[in-house]
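What follows is one structure encoded as structure tokens, with my remarks underneath.
The values are calculated or read from the model by the stated rules, or taken from the named source; none is laboratory data. No experiment lies behind these values; they were computed from the predicted model shown. We place every Cβ from the backbone using ideal geometry, glycine too, and count neighbours over all the protein chains shown.
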Amino acid sequence: MDILNKIKTWASAITEVGVSLIALGIVLEVLFNGQNIPFWPNISVVSNITGMISSLSAQGLVGLVAVWVLYHIYNRK
């Protein structure tokens, strides 16, 4: 059981780092207005997120995801 708790802790930490990097990418793109950032790879985080959302909306999943997110936001304890 201890191994599963360690894996859960690692997965949570990796997820937090990933979300932080996505947020950093969005902030850098807004601040630098799409110019080349020397230490950031040549990717567009905002356009990638927009593309994922539009592809999900084409499949009709955005409504389900929105309901799921709202459900979890309002049922926090």
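Per-structure values
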quantity: Candidates N75, N48, filtered to the one that is at pLDDT 75 or above and not aliphatic (A, V, I, L, M); calculated: N48
quantity: Filter result (in a helix (DSSP H, G or I) and either more than 17 Å from the chain's Cα centre (by Cα) or loosely packed, with under 10 Cβ neighbours inside 10 Å (or both)) within the range 1-11; calculated: D2, I3, L4, N5, K6, I7, K8, T9, W10
quantity: Candidate set from the range 55-67 (those that are surrounded by 11 or more Cβ atoms within 10 Å (Cβ to Cβ) and in a helix (DSSP H, G or I)); member that is modelled with the highest pLDDT; calculated: V65
quantity: Tally of residues being surrounded by fewer than 10 Cβ atoms within 10 Å (Cβ to Cβ) and outside any helix (DSSP H, G or I) across the range 20-42; calculated: 7
